Every structure is written in C-alpha cells, then in structure tokens.
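In what follows, a structure is listed as structure tokens, so that the remarks can point back to it.
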C-alpha cells in the first residue's frame, strides 16, 4: 500500500441474495478531500439493512467494485478547502450517503454537512451504532410526522412503534420519550419486549396479533402517531384500525399494496422517511443532518439517550462482516451490531 492507496473490504459480484455478501480485501485509490469533504480515519462501523439491500439491487452482470458501510465513527485526518465545521483531529460520527462508497475502508470521504461530533461519553464502537437510526427517527418525528419537540405539547399523545427492539426502534423509543410521548412498542419475544421496555417503552404489544384488542386492554382507544419499521403492508389493516382520526403514520419502507381505505375516512397523513434523501439530492437543508447529530451527541453526553449497540466484533474483516450481515439478515437482531478496527483481511 502507498500513500495514494488504502485497504478496503468490498465485493464485485452480488452473489446469492439468500446469503450475506462475500467481502474481498483489496487496495483502492485513497480519496483526496476537496470542497466540503472530510477524510475520516475509520475506527468503527455498524451494519444496516441498507447495506445488503445495496447488494440486492446490484445487477448480476455488474462486476464493478461496491463498498458499503454507512454508519461510521472515526477521526478527521484531512479536510477540503471549503470545510468550516470540522478540522483535522476531530472525532466524528455519521451515516454518510448511498451515492458514494461506504465506510468499509481505512479512510472514508464524507461531506461535513452529514457529520456530527462524536459523543464524548462513548467510544467509537458505541458511537457508530447511532447515526443512521437516530437520523431516521429524528427526521420521521420532526420532519414527516410534525411532532413537537416540546414535552408540554405532547401531553396525552401516544405513538405506536412497530418493531421497537430493532436498530431504529431502539433509538426511536428513547427519542419519543424525550419529547413526552406515551410509547407503545411492538415486540413478539420475551427478550425483545424486555429490550423495548428498558429503552423507554411504556407498553408493549405483540405485532403478530391484532393491535386493536391489545391497545384496548391497556386502556388505549387508539394512537396519534405510528412509526412503522417493518414491512408496512403486513400491518396496514391493523394500523388503519388503531390510528386516531387525523392521526399520522410514517413508514421507512415502501408500500407494495394500496393504502387501507379507512385512512381516507379518518383523514390520516401517510408519510415516508428515508434519511438518505437529503444527501442523495443535495437538498438546500442538507446540513440539518449535522445539526441533528450534534444534538444527539449532546443528549447522549447528558445521559438522556444511550447507545443501542448490543454486539461488538473486532477487527473489521471479511469474516466478521459476513457473520454480522448474516445475523442482520435473520431479522431477529436486537439493537445494533458494531465492528471496530482495524481493517484486516
């Protein structure tokens, strides 16, 4: 390896979709930061469904190199000439973008407007668990659902989080509690129910059973907001029954079937959340993600929210990545799986 190259873990062929990607340890060109880009020495990464879905979307005949890895925590080693937010030596964390190579590499190029200061109270692995999921929850709540940040405004209001023990659900529960919402999380196993309650859920219900009767048994006639973190079509009928008139629903996955007609009669708002929209389209407000991550870091350091890391693997190598993505593809993970450095074969 020379000063103009770096080591990375990527794949050329997508391979079978039923299996995790097979990563190769390779030399690639070392990026040079220009403009508002930072070059970050990667210390830790967490795995996300969006990474193997990138693989799934790759054409079988496409033999170009793909490097995934969206959640990164590390140290700034170089800056572009227009950077004003960060400097060399700063410890940072971020989720990056899907339109550029990911962070499964020794150093990684990222626009500083997508980057936050790493929480001082967390190590790199603990911090790497948070960016993508937290940005998803922040944007879903405050941009898509229009939830107030003021606790007093949310008195008596409730949110149903479908998939409360997963990566997004774990942090979404904590953020919802910080703004004063009553949180009902769905979970189907004893361990996921326990996890959801430990992270702030007031109640849990089983997403394998009808929602309406379970909420009625808790003395709840319906909910003001729903945040759906799993296949939305599987829960459409249940959601239509329990969302209150003029309520709001947000999904992180696209629907494949028509919306339930009951949502029309209730004047329900239905929204999508994809935290990569700002970076994919370089929206004018892209720097909001920097601001949200800085706010999250302050909340973490103040003890208001905690990392959702449940498993740490080291080093960042082909075997550990394959194992981590295999667990993620099972659909039974709780919280986040994180790998910390160095990058090795």
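So how tilted is helix 288-301 from the main axis of the chain? Cα-based, degrees 0 to 90, rounded to 10. Relative to the chain, helix 288-301 is tipped by roughly 80 degrees. Here the stretch 192-234 is treated as a Stokes sphere of Kirkwood radius computed over C-alpha pairs; at 20 °C and 1.002 mPa s its diffusion coefficient rounds to 183 µm²/s. Taking the C-alpha atoms only, the angle from helix 167-178 to the longest principal axis of the chain is near 60 degrees. For the pair the stretch 62-91 and the stretch 130-190, the centres of their Cα atoms are 29 angstrom apart. Cα-based values for the stretch 4-132, radius of gyration first and Dmax second, are 14.6, 46 Å. The label point for residue 148 and the one for residue 189, both projected 7 Å from the Cα toward the Cβ, are 3.9 nm apart. Computed from Cα atoms, the angle from the helix 232-242 axis to the main principal axis of the chain rounds to 30 degrees.
How large is Rg/Rh for the stretch 134-272, to two decimals, with Cα atoms and a Kirkwood Rh?
Taking Rg over the Kirkwood Rh, I get 0.92.
Estimated at 0.36 nm per residue, the fully extended path between residue 198 and residue 322 surpasses their Cα-Cα distance by 41.7 nm. When 104, 282 are sorted by how many other C-beta atoms sit within 10 angstrom of their C-beta, beginning with the fewest, the order is 282, 104. Measuring r between the beta carbons of residue 344 and residue 13 and using R0 = 22 Å, the FRET efficiency lands at 0.50.
Classification of the stretch 26-74 by its C-alpha gyration tensor yields an oblate form. The axis ratio a/c (a ≥ b ≥ c) is 1.5 or more, and b/c is at least a/b. Taking a quarter of the surface of the Cα convex hull of the stretch 209-345 gives a mean projected area of 12.1 nm². Of the residues 276, 225, 94, the one with the fewest other Cβ atoms within 10 Å heads the list, and the complete ranking is 276, 225, 94. For the chain, the antiparallel share of DSSP beta bridges with both residues in that region comes to about 55%. The Cα center of the stretch 203-246 and the Cα center of the stretch 295-345 differ in position by 29 Å. Entry note, the chain: the mean residue ellipticity at 222 nm calculated from DSSP H runs of n ≥ 4, each adding -39500 (n - 2.57), is -7500 deg cm²/dmol after division by the residues and rounding to the nearest 500. A simple packing score, the average count of other Cβ atoms within 10 Å per residue, orders the peptides 286-296, 111-121, 20-30 as 111-121, 286-296, 20-30, with the highest score first.
Once the piece of chain linking residue 216 and residue 269 is laid out straight, how much longer is it, given 0.36 nm per residue of separation minus the C-alpha distance between them?
Between residue 216 and residue 269, full extension yields an extra 16.8 nm.
Counting beta carbons within 10 Å around each of 63, 284 and listing the fewest first gives the order 284, 63. If the chain linking residue 237 and residue 257 were pulled fully straight, counting 0.36 nm for each residue of separation and taking away their Cα-Cα distance, it would gain 6.1 nm.
For residue 301 and residue 206, FRET efficiency with R0 = 35 Å and r from the beta-carbon atoms, rounded to 0.05? It comes out at approximately 0.50. The packing ranking of peptides 137-149, 189-201, highest mean first, is 137-149, 189-201, where packing means the average number of other beta carbon atoms within 10 angstrom of each residue.
Listed peptides 50-58, 168-176 appear in the order 168-176, 50-58 once ranked by packing, highest mean of other Cβ atoms within 10 Å at the front. Please figure out what share of the DSSP beta bridges in the stretch 134-272 is antiparallel and state it in percent, rounded to the nearest 5. That works out to approximately 0 percent antiparallel.
At a temperature of 20 °C and a viscosity of 1.002 mPa s, determine how fast the chain diffuses translationally according to Stokes-Einstein, using the Kirkwood radius over alpha-carbon pairs as Rh; express D in µm²/s, rounded to the nearest whole number. Answer, rounded: 104 µm²/s.
Values in this text are rule-based calculations from the coordinates and carry no lab data. Treat the numbers as computed from the prediction; the structure is a model and nothing was measured. Cβ sites come from the backbone with ideal geometry, for glycine too, and all protein chains shown count toward neighbours.
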